[in-house]
Every structure is written in structure tokens, then in C-alpha cells.
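Notes to accompany the following structure.
No lab work stands behind these numbers, since they all come straight from the coordinates. Bear in mind that the values here come from a model prediction, so they are computed numbers and not experimental data. No Cβ is skipped: glycine too gets one built from the backbone with ideal geometry, and neighbour counts run over all protein chains shown.
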Amino acid sequence: MSDNTVVVLGGAGLIGSLICRILKQYGYYVRVVDCRPTQFECEYHEMDVTQPFSNTGTVFRDAIAVVFALPENAAVNSIPWVTKHLSSEVLFIPTCSVQGPFHKALKAAAPLQQLVGINPMFSPRLSVQGRTVAVCMENVEATQSFIERHLLDAGMKIRRMTPLAHDELMALCQTLPHAAILGFGMALAKSSIDLDLVGEVMPPPMRTMMALLSRILVNPPEVYWDIQLENHHASYQREALVNGLERLQENIDEQDYKRFKSDLQTVSKSLGKRLNTGAVDCEHLFSLLN
């Protein structure tokens with residue numbers, strides 16, 4: 001047990017459970033810390049990591065790594081408590097949707113601490129096969145960590161990047177689409193049209209948007225709140241989305257089809273070769289919704 005114990009803070013959550021499953025698959029002794037037990041057979045410590053009680057050092061006994069499967073604020077605020085009980089050789093693995101704040105806080109508190117952040121680019125409810133995991137570290141040329149190796153062994157792909165690059169990318173890949181979907185949902189909620197009627201006649205684009213909205217709504221809201229709030233690059237993407245809608249409204253108000261057509265051509269050029277592959281993806285998706 002002395003060389004394969006991993007502590008998972010928040011191990012009962014979706015991401016925490018995914019990590020527990022992978023670690024157990026490769027023979028690690030998993031110690032879960034959460035307010036509720038996990039579905040896997042693990043050593044369990046009932047604790048609120050935002051309010052740890054005294055004499056909790058045994059939680060980290062023999063640990064070679066600590067996974068922070070927590071919301072961003074909780075993960076950052078737990079750093080002083082966790083570092084008090086561990087040496088700098090223990091690997092910290094935050095799974096935050098926004099990685100920059102954790103990396104910055106840990107560097108200030110324990111500059112020598114080993115650190116590899118991971119952010120699965122998919123819902124833990126889906127199959128992991130062929131899915132990509134963003135791996136965050138200051139030195140992207142560093143030796144492969146054990147968690148990266150096991151992610152690959154389990155069938156996932158990894159893409160290394162710095163925390164800054166990660167957060168900039170996530171502002172585009174997560175914050176922007178989620179903001180568009182949430183805005184769609186807020187507009188939908190204000191509609192007086194009977195949604196049963198909508199359900200009978202809605203074409204594939206509407207059905208797709210309804211599915212995306214529903215997927216967000218059935219998940220914990222704090223996940224999407226953190227993605228919007230904690231990423232300092234997110235406001236730029238939301239502003240760009242608002243500007244795009246305002247531009248569309250101006251084109252319609254002024255009945256300027258020429259500018260509307262030009263705007264679409266600009267977007268098409270920005271997609272490049274992905275325009276055709278995206279159209280094929282959409283065709284496949286819509287066929288599934290038939």
C-alpha cells in the first residue's frame with residue numbers, strides 16, 4: 001500500500017468517480033474523501049474539504065498523489081490544508097475546468113510541489129474510448145506521469161498544454177458554446193408557445209439545441225457556473241457572442257442581405273477544411289434524430 005495510494009478529494013462526484021475507476025483498474029489503493037461515499041469499494045473518509053476538522057493527516061498517509069476532483073474554489077481553498085500534510089514529491093492532480101487559478105495558488109503556497117492537471121473533454125457518463133483529456137503542466141516536455149500513462153492505457157487520448165493555453169482554449173471550447181446554449185434556454189423559457197406542440201414539429205436543429213440544453217440542465221449547475229465565472233478569458237467570448245447577435249440584428253433591421261452574406265462567407269473561411277467535415281458530422285447527427 002505504501003507506493004500506490006492515491007487520495008481522491010471529491011471522489012464521489014462524476015469526475016472523481018471516473019478517476020477512481022481508472023486508478024482501481026490499474027491496481028492503486030484509492031482513498032476517497034467526500035461528504036458521501038463513492039459507488040466503488042474504496043477506503044472512505046466522510047469530510048467536507050472546505051471545512052476539514054483537526055487531526056486529518058491520516059487521510060494522506062502513504063499517498064503518492066492527491067486528486068482534486070472539486071469545484072475550482074474548493075480545490076484552491078483546500079491547498080493550504082493539503083500541503084501541510086504532504087511532501088513536495090507527492091503529485092497534485094486537479095481536475096478543474098479552469099486550471100490557471102489552481103496552478104497559480106499552488107505555486108505560491110508550495111512552489112516545488114509536483115503538479116499535473118487533467119480535464120476530461122467529455123462527460124464521465126460517456127465511454128472513455130477515443131476521448132481526449134487535456135493535460136496541464138508548466139513544462140509540456142516533462143517526463144510522462146503515471147496518470148497520463150493510465151489515461152492512455154484506458155483508451156483515452158491526451159493533449160498537453162500549459163495552464164494559460166488550457167484556459168484560453170476552454171473559454172472558446174466550453175464557455176462560448178455553453179453561453180450560447182444557456183442563452184437559447186433563457187429565450188425558450190420566455191416563449192408562450194406550447195412546448196408539446198414544439199416537440200411535435202421541431203426540425204433537427206431545434207431538437208439538437210433542446211438536447212444540448214437538457215444535457216446542461218440535468219447536470220449540477222455549479223459545473224457550468226465555474227466554467228463561466230472562474231475562467232478569466234470567458235468574458236471575451238461572451239462579449240463576442242453578444243456582438244455576433246447584435247451584428248445579425250443590425251443586418252436584419254437594415255435589410256442588408258449583402259452584408260449578411262459577407263458575414264457568413266467570413267465565418268466559412270475561418271472554418272477552413274473543417275467546414276465540410278462539420279457539415280458531414282451534422283448530417284450524421286441529424287440522421288440519428290430522425
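Could you pull out every residue, at least 5 positions away or on a different chain, whose amide H is within less than 5 Å of the one on Ala65? Hs are placed 1.01 Å off N in the peptide plane, and Pro or chain starts have none.
Val7, Leu91
Once every DSSP H run of n ≥ 4 in the chain is given -39500 (n - 2.57) and the sum is divided by its residues, what mean residue ellipticity at 222 nm do you get, rounded to the nearest 500 deg cm²/dmol?
-15000 deg cm²/dmol
Return the long-range amide H neighbours of Val133 (sequence gap of 5 or more, or a different chain), with a cut-off of under 5 Å between placed amide H atoms.
Those qualifying (amide H under 5 Å, at least 5 residues apart or on another chain) are Met121, Lys157, Ile158, Arg159.
Placing +1 on the Cβ of each Lys and Arg and -1 on the Cβ of each Asp and Glu in the range 5-161, which of Leu112, Ser127, Ile19 has its Cα farthest towards the positive end of the resulting dipole?
Ser127
For Trp81, Trp225, which order do you get if you count the other beta carbons within 10 Å of each Cβ and list the fewest first?
Details: Trp81 16, Trp225 12.
Listed from fewest to most nearby Cβ atoms, that is Trp225, Trp81.
Step by step: find N for the chain, compute 2.2 N^0.38 Å, then divide the Cα radius of gyration by it. What's the final number?
Rg over 2.2 N^0.38 Å, computed on Cα atoms: 1.16.
Just how large is the dipole of the range 166-255 about the Cα centre, in debye to the nearest 20, putting +1 at every Lys and Arg Cβ and -1 at every Asp and Glu Cβ?
My answer is approximately 220 debye.
Once amide H atoms are built 1.01 Å from N in the peptide plane, which residues 5 or more positions from Glu43, or in another chain, come under 5 Å H to H?
Close amide H contacts, sequence-distant or interchain: Val30, Val32.
Please give me the summed charge of the neighbours of Val116: other residues whose Cβ is under 12 Å from its Cβ, Lys and Arg +1, Asp and Glu -1.
Numbers: positive: Arg149, Arg160; negative: Glu138, Glu148.
Surrounding charge for Val116 is 0.
Test of understanding: ordering Leu289, Leu212 by Cβ neighbours within 10 Å, fewest first, what list do you get? Could the numbers behind the result be given before it?
On the way: Leu289 14, Leu212 17.
Going from sparsest to densest Cβ surroundings: Leu289, Leu212.
What is the order of Cys96, Cys282, fewest Cβ neighbours within 10 Å to most?
Ordered from fewest to most neighbouring Cβ atoms within 10 Å, Cys96, Cys282 come out as Cys282, Cys96.
Would you mind counting up the charge near Asn73? Only other residues with Cβ under 14 Å from its Cβ, with Lys and Arg at +1 and Asp and Glu at -1. All intermediate terms of the calculation are to be shown ahead of the outcome.
Working: positive: Lys104; negative: Asp48, Glu72, Glu222, Asp226, Glu230.
Local net charge: -4.
Over what distance in Å are the Cα centres of the range 20-72 and the range 156-172 separated?
For the range 20-72 versus the range 156-172, the Cα centre distance is 26 Å.
If you restrict to DSSP beta bridges whose two residues both lie in the range 5-161, what percentage is antiparallel, to the nearest 5? Before the final figure, lay out the partial values.
On the way: 4 of 29 bridges.
DSSP beta bridges in the range 5-161 are roughly 15 percent antiparallel.
From the square roots a ≥ b ≥ c of the eigenvalues of the alpha-carbon gyration tensor of the range 5-161, which class results: rounded (a/c under 1.5), prolate (a/b over b/c), or oblate?
Note, shape of the range 5-161 comes out oblate.
Given the C-alpha atoms of the range 166-255, compute the convex hull and give its volume per residue in Å³.
125
Below 8 Å, C-alpha to C-alpha, sequence gap of six or more: please give me the relative contact order for the range 166-255 in percent.
Once normalised by length, the contact order is 55 percent.
In degrees from 0 to 90, rounded to the nearest 10, what is the angle of the helix 176-189 Cα long axis to the longest principal axis of the chain?
60
Go through Lys84/Lys104; Lys157/Lys269; Lys157/Lys273 and tell me which ones have a Cα-Cα distance over 26 Å in this structure.
Listed pairs above 26 Å: Lys157/Lys269.
Can you tell me the relative contact order of the chain? Whole percent, Cα pairs under 8 Å, sequence separation 6 or more.
12
Considering only the other residues whose Cβ falls under 13 Å of the Cβ of Phe260, what net charge follows from Lys and Arg at +1 and Asp and Glu at -1?
It works out to a net charge of -1.
Work out the FRET efficiency for Glu222 and Asn276 from their Cβ-Cβ distance, taking R0 = 30 Å, and round it to the nearest 0.05.
Values: r = 38 Å, r/R0 = 1.26.
After rounding, the FRET efficiency stands at 0.20.
Taking 0.36 nm per residue of separation and subtracting the Cα-Cα distance, what length does fully extending Asn73 through Ser192 add?
Contour length minus the Cα-Cα distance gives 39.0 nm.
Under a GNM of the chain (C-alpha, springs under 10 Å), which listed residue has the highest mean-square fluctuation: Ser17, Ser88, Ser268?
In this elastic network of the chain, the residue with the biggest mean-square fluctuation among Ser17, Ser88, Ser268 is Ser268.
Calculate the length of the line joining the C-alpha centroid of the range 116-140 to that of the range 217-268, in whole Å.
Answer, in whole Å: 26.
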